[in-house]
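The values are calculated or read from the model by the stated rules, or taken from the named source; none is laboratory data. Note that the structure is a prediction, hence the values are computed from the model and not measured. With ideal geometry, Cβ positions are generated from the backbone for all residues, glycine too; neighbour counts draw on all protein chains shown. We work out accessible area using only protein heavy atoms, side chains counted, and drop any ligands, DNA or RNA first. Shrake-Rupley method; radii C 1.70, N 1.55, O 1.52, S 1.80 Å.
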Amino acid sequence: MGWPCRALFAAVAAISPCVGPATAQDWPNRPLTMVVAFPAGGSDDILGRIVAARLSEVLGQPVVVENIGGGGGTAGTARIATGAADGYQFALGTSATHALSQVLRKNPPYDSTADFVPVALIAEQPFVLIARKEMPGNLPDFINYAKANAAKIQYGSAGAGSATHLVCALFNAAIGITAAHVPYNGGAPALQDLVAGRIDYFCPVVTIAIPQIENKGVQAVAILTRDRAPILPTLASAAEQGLANFTANTWFAVFLRKGTPASIAQKLNAALLATMETPSVQAQFKKIGAEIVAPERRAPDYLERFLKGEIEKWAIAVKAANVTAE
């Protein structure tokens, strides 16, 4: 090897340790991708696009939402777990993608506590029980109908192993019935079939249900929480209607791939906090029934602890309901 080549290799070796830190320091200098692990039109997609629009302004780079559905949210999330650890792709994680996936599947495609960097918990939303419009409009009558027609009644979900699957299954267990499950590739097509009367009931988050509730396209039966939801103040809660101690909500958080530089994770956390403090974002969240989490719940270490607790909580619930995604 001649001297010019040796000199070139020596120069590259001398500067290469600086490449990683310099890249992290300059982040972001090109567009970013937020992976939403469910199809367009669902609650995850709606909330994700609200966040992405403002986050683009805060970061000074476009944040593009990419919908990758399938596997109850695991297909899109696995894309982040196996992608580049450079901060330019991140997951909008949910209770389905990061908690339920770990307890519903014998061999999940990723370890949500080990394969990701927790960035920030963003918001929570309640689930709602809705039925085809010909069915009873209050919980006691709905339960009586479901028990009398358990052999033929069907419920839809956003996919096997999705949050909507588990919430309805837990609801069934709570009222003492076994019903046929009809999985869809996302919440939007499940809602379409409910409106058309092809399935009997569905347990989505309030986001995608509100338009059809307001248009009388479906029957709103109960908010599946202890208290009424501000976005649907006239709809009685499950607890109010006699189903004590049954609550169900979903959460949304941002995760990067394991190995992403800490400085990038810190910058993204700061940008998300600024996004959450934006009045227009708060107003849009209120319209879709999402509650932004309190400031003390927005730190990465809180999300890390919260996720572990969620996995433990849902593991108990899954075992009790004897539910599996396989």
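A compact table of results
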item: Per residue accessible area of the chain, 1.4 Å probe, in Å²; result: 43 Å²
item: R0 of 45 Å, Cβ-Cβ distance residue 308-residue 216: FRET efficiency to nearest 0.05; result: 0.60
item: Probe 1.4 Å - accessible area at residue 263, Å² to nearest ten; result: 50 Å²
item: Sparsely packed trypsin sites (Lys or Arg not before Pro) within the stretch 135-207, loop by DSSP, other Cβ within 10 Å at most 15; result: 152, 198
item: Length released on extending from residue 144 to residue 273, taking residue separation times 0.36 nm less the Cα-Cα span; result: 41.9 nm
item: Contact order relative to length of the chain, as percent, for alpha carbon pairs under 8 angstrom and 6 or more apart; result: 26 percent
item: The stretch 42-201 - convex hull of the alpha-carbon atoms, volume per residue in Å³; result: 126 Å³
item: Simple spin-label estimate for residue 84 and residue 297 in nanometres, 7 Å along Cα-Cβ; result: 3.5 nm
item: Hits among aspartates and glutamates - C-alpha to C-alpha of residue 286 under 12 Å, sequence gap 8 or more where chains match; result: 124
item: Two-site FRET efficiency, residue 247 against residue 30, from Cβ-Cβ distance with R₀ of 45 Å, rounded to 0.05; result: 0.60
item: Cα Rg, Dmax, the stretch 254-302, angstrom units; result: 12.4, 36
item: Simple label model, 7 Å out from Cα along Cβ direction - residue 316 to residue 283, nm; result: 4.1 nm
item: Too-long pairs where the Cα-Cα distance tops 25 Å, listed order kept, from 287/319; 258/308; 267/287; 106/313; result: 287/319; 267/287
item: Theoretical gain in end-to-end length, residue 53 to residue 262 [0.36 nm per residue, Cα-Cα removed]; result: 72.9 nm
item: Value at 222 nm in deg cm²/dmol, rounded to 500, when DSSP H runs of n ≥ 4 in the chain each add -39,500 (n - 2.57); result: -13000 deg cm²/dmol
item: Dmax and Rg, reported as Rg then Dmax, of the stretch 97-157 (C-alpha, Å); result: 18.1, 48
item: Protection proxy ranking, peptides 90-100, 129-139, 66-76, average beta carbon neighbours within 10 Å, highest first; result: 90-100, 66-76, 129-139
item: The stretch 43-108: trypsin sites (Lys or Arg not before Pro) in DSSP coil with no more than 16 other Cβ atoms inside 10 Å; result: 106
item: DSSP-defined beta bridges in the chain - what % are antiparallel, rounded to 5; result: 60 percent
item: The chain pair-distance distribution - Cα-Cα, 10 Å bins, rounded %; result: 6, 26, 32, 20, 9, 4, 2, 1, 0
item: Spatial extent of the stretch 146-202: Rg and Dmax, with the Cα atoms as the point set, Å; result: 10.5, 29
item: Computed Kirkwood radius, in angstrom, where 1/r is averaged over Cα pairs of the stretch 242-326; result: 15.6 Å
item: Debye log10 I(q)/I(0) for the stretch 74-128, one point scatterer per Cα, at q = 0.18, 0.20, 0.22 Å⁻¹; result: -0.62, -0.75, -0.89
item: nm² value of the averaged projected area, convex hull over the Cα atoms of the stretch 134-279; result: 10.8 nm²
item: Accessible area of the chain belonging to carbon and sulfur atoms, whole % at 1.4 Å probe; result: 55 percent
